[in-house]
Amino acid sequence: MQAKKYDCAIIGGGLAGLCLAIQLAGNGISVVLFEKNQYPFHKVCGEYISMESFDFLSELGLPLEKLEVPLINKLGISSEKGFMLEHDLKMGGFGISRYSLDQNLFRIASEKGVAILQHCRVHDVQQHDPENFTIATSHGNFRSGIVCGSYGKYTPSFINLRNEAEKNTGSANYIGVKYHLKTNLSPDRIELHNFRDGYCGISKVDHDWHCLCYLTTSENLLKNGKDIKRMEENVLYRNPFLKSYFTNSQFVSSQPLVISNVHFSKKKTQAEGVFLLGDAAGSITPLCGNGMSMGMRASKLLANELIRFYRKEQSLKDAAMQYQSEWNKAFQNRIMAGSYLQNLFGKRNLTDITLKLLSKSPALTNKLVSLTHGNRF
């Protein structure tokens with residue numbers, strides 16, 4: 001018996017994938033989504049979302065008011081030398097754990113009729129013609145007219161991104177580490193703390209938790225015998241603010257979540273006929289605090305084009321070209337700005353000088369923040 005054919009298959013049920021599924025299903029498009037984990041689950045993520053995404057999430061049906069998410073409008077950035085830049089965020093944002101956010105989006109997608117397969121790994125994708133795919137998974141084979149990849153930073157073997165992999169060769173290799181903790185940081189405040197070859201963000205989320213998430217080079221970890229705790233004590237503790245958080249907070253779990261082999265770049269919006277979105281298409285440096293909003297905005301851009309295709313208002317080729325154009329307009333400058341900004345942080349002396357100069361020019365600080373954000377959508 002031949003497998004049921006869906007209009008769209010989505011590989012990866014993170015933010016971008018779930019948001020895309022909800023939008024397509026809400027327009028009568030049949031969707032199957034493959035997720036290797038089981039909801040709810042934690043992810044390495046800063047868990048601060050720019051207010052540009054608030055209206056979008058509300059329209060999807062996320063009950064943000066009921067969840068009582070903390071609204072964040074104050075920013076503090078510290079140097080390893082102990083200087084703290086204070087700044088009021090013009091747009092601001094809110095905090096919510098991925099544990100809660102993804103679980104709620106999973107519920108909404110299920111209610112919309114999306115077929116969500118959990119604990120399901122995709123092994124291969126075969127394109128037979130422009131609108132006919134077979135997806136081989138740990139749950140069997142599935143057929144789909146369109147396939148979208150929202151599988152995150154790690155490109156699976158069946159997706160060919162050789163040119164992008166070559167661009168990453170020789171670039172810095174990062175690790176990301178995340179804890180949930182309870183501390184006395186004000187709920188309307190997000191802080192970014194610099195240390196040698198890295199930086200750490202901390203802000204309030206739900207569950208009366210704070211999210212503490214940091215990025216650093218894999219070299220820092222290697223120099224400390226691949227021991228996370230030892231690296232934190234030898235490297236992160238040199239920033240007095242970080243030392244205080246690590247030594248005076250109540251950690252919800254003593255063991256952090258860790259990801260490795262992280263690179264930041266633009267990749268592609270389509271590969272071998274598969275539409276890409278979220279971190280699969282390109283990621284911005286975490287110091288900009290806006291990766292989640294980018295993933296959600298990309299889902300809306302792609303959904304708009306695919307809905308037009310299903311309504312026979314444009315060809316699949318035109319949908320792909322239009323999505324690429326809209327993606328570039330929305331994100332190319334952000335990714336470039338994030339890359340330049342990253343060079344100013346994680347360096348003891350340069351970061352300290354930069355923060356002191358920015359503290360005297362709030363207008364310039366506003367401009368730098370705006371370069372990594374978009375308007376509400």
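The values are calculated or read from the model by the stated rules, or taken from the named source; none is laboratory data. All values derive from a computational prediction rather than experimental measurement. When we count neighbours, we look across all protein chains shown, and the Cβ atoms used for this are built from the backbone with ideal geometry, even at glycine. For the accessible areas, the whole protein counts, side chains as well, though only heavy atoms, and no ligand, DNA or RNA atoms are used. Shrake-Rupley method; radii C 1.70, N 1.55, O 1.52, S 1.80 Å.
About its Cα centre, how strong a charge dipole does the chain have in debye, to the nearest 20, once Lys and Arg get +1 and Asp and Glu get -1 at the Cβ? The partial results should precede the final answer.
Values: 44 positive and 34 negative charges, 123 e Å.
Dipole size: approximately 600 debye.
Only Cα pairs under 8 Å and at least 6 apart count here; give the relative contact order of the chain as a rounded whole percent.
Working: 763 pairs, mean separation 86.6, N = 377.
Value for the chain: 23 percent.
Pull up all non-local amide H partners of Phe251: gap of 5 or more, or a different chain, and H-to-H distance under 5 Å with H placed in the peptide plane.
For Phe251, whose amide H was placed from the backbone, the distant partners under 5 Å are Lys182.
Rounded to the nearest 500 deg cm²/dmol, what is the calculated helix-only ellipticity per residue at 222 nm for the chain, with -39500 (n - 2.57) per DSSP H run of length n ≥ 4?
Computed ellipticity for the chain at 222 nm equals -11000 deg cm²/dmol.
Within the accessible area of the stretch 1-101, what % is carbon and sulfur when the probe is 1.4 Å and the other protein chains stay in place? Can you show the working numbers first?
Numbers: 1810 of 3820 Å².
Ligands and nucleic acids excluded, carbon and sulfur reach 47 percent.
Considering amide H positions built from the backbone, and no H for Pro or chain starts, which residues 5 or more places from Ser78, or on another chain, come under 5 Å of its amide H?
Leu85, Leu192, His193, Asn194
Could you order peptides 190-202, 7-19, 218-230, 315-327 by the average number of other Cβ atoms within 10 Å of their residues, highest first? Intermediate values should be presented prior to the final figure.
Working: 190-202: 23.9, 7-19: 27.2, 218-230: 13.7, 315-327: 17.2.
Those peptides, ordered most packed to least, come out 7-19, 190-202, 315-327, 218-230.
What number comes out for accessible area per residue over the chain if the probe is 1.4 Å? Units Å², please.
In whole numbers, the chain has 44 Å² accessible per residue.
For the stretch 27-62 and the stretch 217-242, compute the distance between their C-alpha centroids and round to whole Å.
32
For a test of the definition: using alpha carbon positions, the gyration tensor, and the 1.5 limit on a/c, classify the stretch 172-283 as rounded, prolate or oblate.
oblate
Given Cα positions, please report Rg to Rh for the stretch 1-149, the hydrodynamic radius being the Kirkwood one.
1.09
Using the Karplus curve 6.51 cos²θ - 1.76 cosθ + 1.60 with θ = phi - 60°, what ³J(HN,Hα) values do you get for each residue of the stretch 217-233, in whole Hz, with x for Gly and Pro?
With coefficients 6.51, -1.76 and 1.60, one gets 6, 4, 4, 4, 5, 4, 5, 10, x, 6, 9, 4, 4, 5, 5, 4, 5 Hz.
From the phi angles alone, apply the Karplus equation (6.51, -1.76, 1.60; θ = phi - 60°) to the stretch 349-356 and give each ³J(HN,Hα) in whole Hz, x where the residue is Gly or Pro.
7, 4, 4, 4, 5, 4, 5, 5
What residue among Glu68, Glu80, Glu59 has the largest mean-square fluctuation in a Gaussian network model of the chain, using Cα springs under 10 Å?
Maximum among the listed residues: Glu59.
Karplus couplings for the stretch 147-154 from phi (6.51 cos²θ - 1.76 cosθ + 1.60, θ = phi - 60°), rounded to Hz, Gly and Pro as x?
Per residue, the Karplus-derived 3J(HN,Hα) values read 10, 10, x, 10, 8, x, 6, 8 Hz.
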